[in-house]
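J.: This is the structure I want to talk about, given as structure tokens.
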Amino acid sequence: MSTQLQFDEKKRKAIAQCSRCGFCRAVCPIFDLTKRPMTNARGKMILLKEVMEGKLPLTEAIAQAFLRCTTCMNCTTNCPSGVDPQEMVKAMRKDMVGAGFDNLFKAMGETVEKTGNIYGETERQDWGHQKGIAPVVLFLGCVGTYREEESIGETLQLLDILKVDFTLIDEVCCSGVLDDVGYTMKGDLARRNIQEIRKTGAKTLITTCPYCYRVFKDHPSYKDLGLEIKHITQFLKDFDFEVKTDKKVTYHDPCDLGRHAGIYEEPREIIRKIAPNFVEPRRTRENAMCCGAGGGFRGAFAKESVKIARNRLSQIIDETGAEILLTECPSCLHNFKNAKRQKQKIEIYNLTEFLARLYRERERPSTKEAA
Ligand code: SF4
Ligand code: SF4
């Protein structure tokens, strides 16, 4: 195993650019939890400088430290020197694997290859929805399909209520995450998805998962797909909804949807239509704190990931006093639901799921009518 890394010009420049100001500490969800310097961007940049200058050998502990990042991009957004630490983290994870420091995501890659999903599940819920020819394909993603089945079921119902002519496909993991955790995405899986999508004749692909959205839109493996790619909030933003809630509603920006994809306004346009009592958390939009689920962090450090979600949830409750927390990301949803304490009364939904529930409530006869 090599204990040396090669630093190209781009990496050397980024390392030299870091002024060690520490602005990134205040926004790092992992530093917020652990207070350990090597967990935030500043600490990682210092470590890399030492390794680059040969003052520190590359060790297993350093390779592990680079897994401690949710790639939330909050450090990047707040760095006054223009450094992009999360891109460095992703690049260094690859270099460290290349140097022989395999990490637990090697096994995840093998699972994805074998079963087509990150969890190694062999059966998936049948929502009773058609698969065939349609103008729109809905891609569900692993987390929604295998961990947030109820929420996904509601999203499908909403599309039916809104009379969207859409189809599901026999999808497999987009596998983009492997590129972020030290390995490479599985080209075979991408080709299978492309083949299934093409069979539908669809012109538009929509995803509920912001990460899948980014992979379909930006990853070279999907560049020839030839469809319009939309996150479901972009797809639904111009619809008229015939439902409303009086409850106090707030919204959490998923890192992959907000900072990474720049989609802030579309979910808010939908929420404003249905919730006049909409209130923003103090740390919102590009400054929203991460829920702790991304960048492979939940897979590697599940307990810490849930603690980060707990911090973010408490922050949102304290800052807004909301009764309903909405987001549109199966990973954020899943982490928040795991983090919620019994005494916390806030209800947590994906926006599309919440809309479907509002429609159902509208159909339900009132107690008076029922009597
Ligand atoms: S904010 Fe930027 S320049 Fe400052 S310590 Fe963090 S990475 Fe370095
Ligand atoms: S991307 Fe997020 S988790 Fe990673 S170092 Fe930056 S602020 Fe911390």
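J.: What is the magnitude of the charge dipole of region 136-236 about its Cα centre, with +1 placed on the Cβ of each Lys and Arg, -1 on the Cβ of each Asp and Glu, and no other charges, expressed in debye to the nearest 20?
T.: It works out to roughly 380 debye.
J.: Taking the chain, how much of its Cα-Cα pair set, in percent, is spaced more than 28 angstrom apart?
T.: 46 percent
J.: Also: May I ask you to evaluate 6.51 cos²θ - 1.76 cosθ + 1.60, the Karplus curve with θ = phi - 60°, for each residue of region 113-125 and list the ³J(HN,Hα) values in order in whole Hz, giving x for glycine and proline?
T.: 4, 6, 10, x, 8, 6, 9, x, 6, 10, 10, 10, 4
J.: Then there's this: Need the C-alpha centroid separation for region 1-47 versus region 296-315, integer Å.
T.: Spelled out, the Cα-based centre of one part sits 21 Å from the other.
J.: Cut-off under 23 Å on the C-alpha distance; same-chain residues fewer than 8 positions from LYS55 excluded. Which lysines are left, in chain and number order?
T.: Hits, sequence-local ones excluded: LYS10, LYS11, LYS13, LYS44, LYS90, LYS94.
J.: Another question about this same structure. Once phi is turned into θ = phi - 60°, what whole-Hz ³J(HN,Hα) does the Karplus curve with 6.51, -1.76 and 1.60 give for every residue of region 170-178, x standing for Gly and Pro?
T.: Values per residue, Gly and Pro as x: 7, 7, 10, 3, 5, 6, x, 4, 4 Hz.
J.: Greater than 18 Å separation of Cα atoms is the criterion. Which listed pairs, LYS248/LYS307; LYS35/LYS303; LYS186/LYS217; LYS303/LYS340, meet it?
T.: LYS248/LYS307
J.: Please report, in whole Å, how far the alpha carbons of region 9-98 spread along each principal axis, starting with the longest.
T.: 29, 26, 21
J.: Continuing with this model, one more query. Taking the Cα centre of region 162-289 as origin and charging only Cβ (+1 Lys, Arg; -1 Asp, Glu), how large is the dipole, in debye to the nearest 20?
T.: Here the size comes out at about 200 debye.
We did not get these values from a lab; they are worked out from the coordinates using the rules stated. Since this is a predicted model, take the numbers as computed values, not measurements. Counting neighbours? That spans all protein chains shown, and the Cβs are built from the backbone with ideal geometry, glycine included.
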